[in-house]
Amino acid sequence: MTASAGDPVLLRRRNVAPLILVNLGVGLHATIWYMASTAMPSAVQDLDAAAYLSWAASLYLMTSILGGAMLPPIKSRFGPRSSMMVAAVIVVAGGTLAGLAPDVAWILAGRAIQGLGEGFLVALSYCLVRELFDNALVPRVAGIEAVTWALAVLLGPLLGGWLTDLGTWRLAFFGSAALPLPMMALGWVILRHHPHVPMRQTAPLARLFLLAAGVMAIAVADRLSSLLATTIPNHVLGLVAVAVGIALIALTIAFDRRSTHKLFPTAFPGIHHPVSLGIWVLTLMALSEAAVFVYGPYILQLYRGLPPTLAGYFGAIHALAWSLSAMLVAPLGGRWHNLLILAGPTSLALGLSGLALTMATSSLALIAVAMVLVGCGFGLSYAFLTQRVMAASDPGEEDATVASMSSLFGMGGAVSAAVAGLIGNAVGLDGPLTVAVVSAASRALFGGGAVLAGIGILAAWRLTHAFAAHQRKLAAS
């Protein structure tokens, strides 16, 4: 797919249908995420389950990791169309289960099921971008996806808040169950003639089990004392669970490096190859930001007194900033890419530092500015990070590389959401929200995130040099 200079390649007729399809994958994920995030505070309040607020995010992200990690063997064997249909049905089932939930456990199960399907669909959308578009077009595709994301961010809180205000939070989950239907219909038609040669791959069940166990250990870290009915302090058990979870994830990666059919690229988790460095930057950014979506709407709604719809929109400011900034930088040429890759985690660190100082007592306007900086951190750099990871992937590992980007990005969010829940409950966010409680939680959660984003800056700096060396090596060969 090449074109002469100035030719709007992305708008050619043959590209329109694939572009719509991959954007539906992005839009579905964002809309359902913000519908659920807006409805969850009302759900846990109705069911007297505020302590389990972070679990909904952690379990969803955990299963989305598994869904994304399962992409290479499932897509290779069944092809993109059949795989997409099954994953979409799983999303429908999860949303329906959450809507019917008699208690919080059913909501958690429904969100976990939805995450499994959505994780696969997001990874598949990224994979289709690589297959259907030239790598040089990836930032421009990402720019269009940013528009879709922005619309979905507007639509998600609107639908979730409106349906919750209409009568019950259950309507928001039922609504999320209906959203995959248009993607199913379009994908069935568009991918009908997409070339696919079935290849039997053995599902990496042992590694997937280890990965699930590791993320799950971290996901339940903040509630272990109640689950085990023990007198051991919850924070002690939580720290042990986090350590065990990280060890199991590391063991999964170690086993994967010796396997023929990989979940992760061979270069990961090294710190020299541009693929690994790019994935590290994405993972560190996800690790730093999870507290914003776990506790942002919750604090704004129950502490600041904002109604569900407004709290949902306010909590989504960072996502809107992500989309708008990505749209603005998408057309920029290669000479800007290094600067934007560095600007991303820098803006994220500044925004999280701002939230640490403003969430408890400052004006909503200052909180909004900090959230804009958080969102710009992702919008400025995300497309160019993914482009470089795709461009530097080793032959034969393209699917695993693309899938690992979304899986490890989600893993970072899942780990961070679980740790955020552990810290949040430890400082009192599961009880009455006072100035002291919210101030302490903000410093720990958002301030800690700023430190991780700072490490991301260093990884981004290494990436710019490693990618340049990689390109010189390719040119010389």
The simple spin-label model distance between residue 451 and residue 435, using points 7 Å out along Cα→Cβ, in nm, is 2.7
Using alpha carbon centers only, region 20-81 is separated from region 376-407 by a whole-angstrom value of 20
Expected unfolding gain across residue 462-residue 106 under the 0.36 nm per residue rule, minus the alpha-carbon gap, is 123.7 nm
Dividing the mean separation of Cα pairs under 8 Å (6+ apart) by the residue count of region 52-178 yields a relative contact order in percent of 33
Rh_Kirkwood(region 60-133) over Cα pairs, Å, one decimal, evaluates to 12.4
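Per DSSP H run of n ≥ 4, the term is -39500 (n - 2.57); total these for the chain, divide by its residue number, and report the mean residue ellipticity at 222 nm rounded to 500 deg cm²/dmol. Show your work: numbers first, answer last.
Values: 17 runs with 373 residues, N = 477.
Taken over the chain, the calculation gives -27500 deg cm²/dmol.
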Here the averaged projected area of region 316-377, based on the convex hull of its alpha-carbon atoms and given in nm², is 4.0
Scoring region 356-477 by relative contact order with C-alpha pairs under 8 Å, at least six apart, yields a percentage of 38
Candidates for Rg/Rh (Cα atoms, Kirkwood Rh) are [x] 1.03; [y] 0.95; [z] 1.49, and the calculated one carries label [y]
The helix 180-190 Cα axis meets the longest alpha-carbon principal axis of the chain at an angle in degrees, between 0 and 90 and rounded to 10, of 10
Taking the reciprocal of mean 1/r across every pair of different Cα atoms in region 369-477, the Kirkwood radius in Å is 16.7
Given 448-455, 168-175, the highest-first ranking by average Cβ count within 10 Å works out to 168-175, 448-455
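For region 434-477, compute Rh as the Kirkwood radius over C-alpha pairs and then the Stokes-Einstein diffusion coefficient at 20 °C and 1.002 mPa s; write the answer in µm²/s, rounded to an integer.
On the way: Rh = 13.1 Å.
The estimated diffusion coefficient comes to 164 µm²/s.
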In nm, the gap between the two label points placed 7 Å beyond Cα toward Cβ at residue 251 and residue 471 is 4.2
Heavy-atom accessible area per residue of the chain, all protein chains kept, 1.4 Å probe, expressed in Å², is 39
Computed from the beta carbon distance with a Förster radius of 60 Å, FRET efficiency for residue 259 and residue 368 to the nearest 0.05 stands at 0.80
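Counting only protein heavy atoms and using a 1.4 Å probe, what share of the accessible area of the chain belongs to carbon plus sulfur, as a whole percent? Show your work: numbers first, answer last.
Details: 13010 of 18440 Å².
So the carbon and sulfur contribution to the accessible surface is 71 percent.
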Computed over the chain, the relative contact order (Cα-Cα under 8 Å, seq sep at least six) in percent reads 23
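The values are calculated or read from the model by the stated rules, or taken from the named source; none is laboratory data. As the structure is a prediction and not an experimental result, all values here were calculated from the model. Ideal geometry is used to build each Cβ from the backbone, glycine not excepted, and the neighbour counts take in all protein chains shown. Heavy atoms of the whole protein, side chains included, go into the accessibility calculation; ligands, DNA and RNA do not. Shrake-Rupley method; radii C 1.70, N 1.55, O 1.52, S 1.80 Å.
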